[in-house]
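The values are calculated or read from the model by the stated rules, or taken from the named source; none is laboratory data. None of these values were measured; they are calculated from a predicted model. For neighbour counting, all protein chains shown are included, and Cβ atoms are generated from backbone atoms with ideal geometry for every residue, glycine included.
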Amino acid sequence: MGRSQKHGYGILLFMLFSAAGILYSLNQILNQDVFQWIMNQEEYKTMMAETAKLFAAFCLSGLLFPKNWQKLGVVVLLAAVFLWGHMAFVPVLVSGLYLAYILFVGHFLRVSLWKLPREDGPASDFLTGASSLLAVFCLMSAIGIGSIRYLTIFVLVSAVLLLFFGRSCLGGGEKRNAPAFKAKEIFLLAFLITMVCLQAGRLNIAVDFDSLWYGVRSRYILDNGHGIYENLGTIGIVYTYSKGFEVLTLPLSQLPSYSFLTSVNLWLSLGVLFLGYQIGRIYMKRDQAIFLAALLSGVPGIMNMAVTAKSDTITLLVQEIMVYYLLCYIKAGQRSWRYLGYGTAAYFFSLTLKPTALIFSTAVFGMGFLYLLGKLLLPQFGAEEKNGGGLAVAAGALLALVGIWARTFRLTGLPLTSVFSSLLTRLGFHIKYPFMVNSIPHYGAGMPFGEKAFRLVKRLHGFLFCPVGEDMDHVILAWGGFLLYFLLLLWIASRFYGKDVDKGKNNQLSAFLNVIYVPFLVVNLISFAMLTQVDGNYFMLLYVLTSVYVLKTAAEAGEKTLWRGGLGVGVWVLLFSVFFTSVTSWNWSLGFSPVSFSHKGYYDHREAARQDMVAKGNQKIWEILAADPETRLIAIGDHPDVLVFPCNVQSYDDITGAWGNVVLVKKMDYFVEFMDYAKTDYVYVQAGYTGEENRSYTLVWDLIQCGKLIPVCYDNGNLLASVDVKGNSGEKSAQALTEFEQCYIKKEANEMQ
């Protein structure tokens, strides 16, 4: 049997195993009742038909118009009509303008002030602009002028000044005419744009639990009139996270639609795909890098985050920027050390966005730094002009990090919260009242080794093929799709061909990727085994790096049949990803936002929330709380539904949940002390939420009896009571208690079962 025949059999096996895996996954998924129900709904069928038409239109625009600018113009027009029809045009436009402003700020600082080459690309502009703007926002808060009003004024004034005095930095770049796209590239790009539009179509209806909890409430939970450093009395650990993304988007948080915030992530998801392409271009041809980007656009674990208000998408983007510029540094050489400055800045900036970035960003940056140190690839300062500004970019990101961590430290006594609190307290930090130390979760602690191994294998099976059942509730919402299994098979097939063609710089670039990827994979496997609750979005960077690593290996194998086989199976993977992305989202939204062409250009979520609360009998209460957005409220009711009141509100679940401190409600005096600490103005109790067998009911009963809560109004059985921590029991409190027992609609005992 000849070598070519063996290779042919290898490709055939690769395709057969891939097809078998996809069919197995489909069978497992389609056997789930929830997916069968979704697929039978008219909204789902309409969405899929509209998506297919949109893909066809994008393909035709790419094939019929000869010039790239013409193709782009038609795509923009089609997307604009689609966005307007789904009431998302204005939020996408406004958030796009805000991101353009950030890019403009970054470009001006880099090129005009710090004399860095304009050719370093939009990634460096975004990094510079975002980190510098974040540092300025933190500084404004530190001196007491960090309210959203002042931040918005700063943005508008600086934007006008840039338009008048900074336009000169935009011109003069080298203009290059990109070669025309091949038909294969057009289809892949059309798929990519369609997947972004699929998310845009459900922008208004896909606001998820976490976004409602804290993502879209920055207006109230980050600023009470003086900036981000004011203690707002909120105890839920999500309010003390590293809030770089939320602070950066504060000027948009006061707008009437949540989509002004979530559409920022929609734009950033395009940035994620572009950076995936850029990293791919270091190792691959253009069409291969486009295939890489198209694969990433079909990953629900990446794209379903594009319509949330969470910081996962920007974290991934900044981590990609970090990897990209470290690769640029190796490729360009030690004389162009500004790239190392960009990479370092991206590392610092990523730490402002999510607590868990400390693990994943450090795993990549740390191994990359060790590689550079081991190979003595140290920067040659002064050897080349226009590099010194790289230090300024890194310094700006470091200042932003200090500003964001200072907020967490000021509130809690720790620079980082979440799972790091137990470690930091062991290092000598002291956590402040009323926060509680959270330990690092260890899934399966105390289990026999055999049971641990079985559970890990079961998790891996779910993660690769069908994320349903135990432990998979948060994976299915942000799954990697069939991507990882496909890449595993493609990697095995590529190693079977096994050609080592790397030399010189290419060898260094390949070695660097090996050094950062393999340990990063190990870190992900450890976290996958240890975490009590696995979330699919924890592994977004793993999806990107694995795609780069495997497709690079396949591209370097030098066998056209291997790449063609991979591309063919990749089409199956893309089709699978369309199906799975369409049936999942972070809030299980069904279909697209309803089509309408007669509207204001956006959906008013805040007015919809008001109408919903009024329908639930809260009109008087809403009017009282809406009078002052700085009002501080503890809401006892359904979480996160009760958090929509237009003020600084935290729920009873925030206090008693896993990320709060349940000790605070063990005794009435503890709760009174907490209300005094939090400067709580009111307590709200939702009608029918609690009853005599609940601790929340007896707590409210005791507080009214002792004069600590004074009922303000009963609105259709809902209670709003003002707080008087110095109140005492007496005739008035006795009357108030009688009124409470008569007017509050409590949960009946049979409803509690």
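For region 321-375, the set of residues classified as in contact with an Asp or Glu (Cβ under 8 Å, 6 or more places away or on another chain) and polar (S, T, N, Q) consists of S336 only. In this structure, is R459 out of contact with any strand residue (DSSP E or B) (no Cβ under 8 Å at 6 or more places or on another chain), farther than 28 Å from L139 by Cα and part of a helix (DSSP H, G or I)? Yes: the conditions hold for R459. If only residues of region 389-428 that are β-branched (V, I, T) and in a helix (DSSP H, G or I) are counted, the one that is nearest to C138 (Cα to Cα) is I404.
Among the candidates D612, D628, which residue alone is part of a loop (DSSP other than H, G, I, E, B) and farther than 20 Å from V665 by Cα? Answer to the check: D628. Taking the stated definitions as given, is N694 of a type outside the set (G, A, S) and buried (at least 23 other Cβ atoms within 10 Å of the Cβ)? So N694 does not fit the description; no. Picking from residues in region 588-621 that are in contact with a Phe, Trp or Tyr (Cβ under 7 Å, 6 or more places away or on another chain) and surrounded by fewer than 19 Cβ atoms within 10 Å (Cβ to Cβ), the one that is nearest to M472 (Cα to Cα) is L590. Of all the listed residues (T152, T194, T128), the sole one being farther than 30 Å from Y229 by Cβ, within 29 Å of the chain's Cα centre (by Cα), among the polar types (S, T, N, Q) and modelled with pLDDT of 95 or more is T194.
Residues in region 188-224 that are in a helix (DSSP H, G or I) and acidic (D, E): D210 alone. All of A400, A394 fail the test of being at pLDDT 95 or above, closer than 18 Å to F348 by Cα and touching a Gly at 6+ places or on another chain (Cβ under 6 Å), apart from A394. Any residue at all in region 259-267 that's free of Cβ contacts under 8 Å to residues at least 12 places away in the same chain, in the same structural domain as N537 (by TED's automatic domain parsing) and within 24 Å of G301 (Cα to Cα)? Among the residues of region 259-267, not one is free of Cβ contacts under 8 Å to residues at least 12 places away in the same chain, in the same structural domain as N537 (by TED's automatic domain parsing) and within 24 Å of G301 (Cα to Cα), which makes the answer no.
When the residues of region 86-125 are filtered to those that are among the small types (G, A, S) and modelled with pLDDT under 95, the one that is nearest to Q278 (Cα to Cα) is G121. Among residues of region 701-712 that are outside the structural domain of A734 (by TED's automatic domain parsing) and buried (at least 19 other Cβ atoms within 10 Å of the Cβ), none has a Cβ under 8 angstrom from a residue that is in a strand (DSSP E or B) and small (G, A, S) at a sequence gap of 6+ or on a separate chain.
Among the residues of region 677-700, the ones that are in contact with an Asp or Glu (Cβ under 9 Å, 6 or more places away or on another chain) and either not in a loop (DSSP other than H, G, I, E, B) or not assigned by TED's automatic domain parsing to the domain that holds K746 (or both) come to 1 in all. In summary, K386 fulfils each of the numbered conditions (1) surrounded by 15 or more Cβ atoms within 10 Å (Cβ to Cβ); (2) not in a loop (DSSP other than H, G, I, E, B) with the single exception of condition (2). Kindly indicate whether any position in region 711-734 is assigned to a helix (DSSP H, G or I), within 26 Å of W622 (Cβ to Cβ) and in contact with a strand residue (DSSP E or B) (Cβ under 7 Å, 6 or more places away or on another chain). No, every residue in region 711-734 fails to be assigned to a helix (DSSP H, G or I), within 26 Å of W622 (Cβ to Cβ) and in contact with a strand residue (DSSP E or B) (Cβ under 7 Å, 6 or more places away or on another chain). Does F645 meet the test of being touching a strand residue (DSSP E or B) at 6+ places or on another chain (Cβ under 7 Å) and without any contact (Cβ under 8 Å) to a residue 40 or more places away in the chain? Criteria met by F645. Taking the criterion of being in a helix (DSSP H, G or I), more than 28 Å from L391 (Cα to Cα) and touching a residue at least 40 places away in the same chain (Cβ under 8 Å), the residues of region 126-183 that qualify are I148, T152, A183.
Let's see how each residue does on (1) of a type in the set (A, V, I, L, M); (2) modelled with pLDDT under 95; (3) assigned to a helix (DSSP H, G or I):
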{"residue": "A309", "(1), (2), (3)": "yes, no, no"}
{"residue": "L316", "(1), (2), (3)": "yes, no, yes"}
{"residue": "M322", "(1), (2), (3)": "yes, no, yes"}
{"residue": "L326", "(1), (2), (3)": "yes, no, yes"}
{"residue": "Y329", "(1), (2), (3)": "no, no, yes"}
{"residue": "Y339", "(1), (2), (3)": "no, no, yes"}
{"residue": "T344", "(1), (2), (3)": "no, no, yes"}
{"residue": "F349", "(1), (2), (3)": "no, no, yes"}
{"residue": "S361", "(1), (2), (3)": "no, no, yes"}
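Residues that are within 20 Å of the chain's Cα centre (by Cα) and assigned to a loop (DSSP other than H, G, I, E, B) within region 468-483 comprise M472, D473, H474, V475, W479, G480, G481, listed in sequence order.
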